[in-house]
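Read through the structure below, which is laid out as structure tokens, and then see the notes.
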Amino acid sequence: MGSLGSVGYLVVSTLGGMFVLAVLLRFMLQVARADFYNPFTQAIVKVTDPGVRLFRRFIPGFRGFDFASLVLALLAQCIATALLIVFSGFSIPSVGLVISWSSVGLLSFILNIYFWAMIISIVSSFIAPFSTHPGLILVRQLTEPIMEPFRRLLPSMGGLDLSPIFVFLALQIIRAVFIDPVGINPRVVLGI
């Protein structure tokens, strides 16, 4: 990879990763029914709205799931994957392979978002448990739907919440079953 390939790789991985992150966060926050008036949510919507509106014309939502956002994220991931492969000095594989790698990359991206949101939520619960910072409120709203089922299953431990341990375990099991066996080169797919 020459210097032009390195610069192209850096630009695509950074800007593509930020855009895919924004679109996936938009989808995940809609699923979690997070506060739409949160300033962070407003920024995510503002960045992703032109692309999502374009896809909403022919891809409807269903029961709170905005499939237009997912299709936009998949398309952005496919374009970024193809460009990263080219900038890495490889020839582009078949379209089906790029789409399947991109799908696995999106799943990995979602798992990474939940992993880091859980870490932020746990640390903030010790440092600032009653914080009203909009970012922390949004992180709690994002992680609550995945922690709630484990909280219902686990007995009360006198104020100690063990549900994050089981969420981390579930995230690692999903990664081990669906992502690790694919064996994608993490250099050519965002989110791996």
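Okay, here's what the table says:
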quantity: Loop sites in the range 1-83: trypsin sites (Lys or Arg not before Pro), DSSP, at most 10 other Cβ within 10 Å; calculated: 57, 63
quantity: Length-normalised contact order of the range 1-150 in % [C-alpha pairs under 8 Å, at least 6 apart]; calculated: 31
quantity: Chain lengthening between residue 128 and residue 38 when straightened (0.36 nm per residue, less Cα-Cα); calculated: 30.5 nm
quantity: Computed [θ] at 222 nm, deg cm²/dmol, the chain (DSSP H ≥ 4; -39,500 (n - 2.57); rounded to nearest 500); calculated: -22500 deg cm²/dmol
quantity: Stokes-Einstein D (µm²/s) once Rh is taken as the Kirkwood radius of the range 71-131 over alpha-carbon pairs, at 25 °C in 0.890 mPa s; calculated: 181
quantity: The chain - percent of accessible surface contributed by carbon and sulfur, probe 1.4 Å; calculated: 73
quantity: Stretch gain in nm, segment residue 99-residue 165, where the contour uses 0.36 nm per residue and the Cα spacing is subtracted; calculated: 20.5 nm
quantity: Kyte-Doolittle mean at least 1.0, axial Cα span of 15 Å or more - DSSP H helices of the chain; calculated: 17-31, 67-87, 95-127, 163-174
quantity: Prolate/oblate/rounded call for the range 108-192, Cα gyration tensor, a/c under 1.5 rounded; calculated: oblate
quantity: Rounded accessible area per residue of the range 1-150, 1.4 Å, Å²; calculated: 55
quantity: Under Karplus coefficients 6.51, -1.76 and 1.60, residue-wise ³J(HN,Hα) of the range 175-181 in Hz, glycine/proline x; calculated: 4, 5, 7, 9, 10, 4, x
quantity: Distance from the range 8-37 to the range 172-192 (C-alpha centre basis), Å; calculated: 19
quantity: Chymotrypsin sites (Phe, Trp or Tyr not before Pro) restricted to the range 122-156 and DSSP loop, no more than 10 other C-beta within 10 Å; calculated: 130
quantity: 18 Å reach of a label modelled at residue 75, 7 Å along Cα-to-Cβ, counting backbone N of the range 43-68; calculated: 45-62, 66-68
quantity: Cα-based Kirkwood hydrodynamic radius, the range 15-109, one decimal, Å; calculated: 14.0
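The values are calculated or read from the model by the stated rules, or taken from the named source; none is laboratory data. Everything numeric here is computed off the predicted structure, so don't read it as measured data. We place every Cβ from the backbone using ideal geometry, glycine too, and count neighbours over all the protein chains shown. We work out accessible area using only protein heavy atoms, side chains counted, and drop any ligands, DNA or RNA first. Shrake-Rupley method; radii C 1.70, N 1.55, O 1.52, S 1.80 Å.
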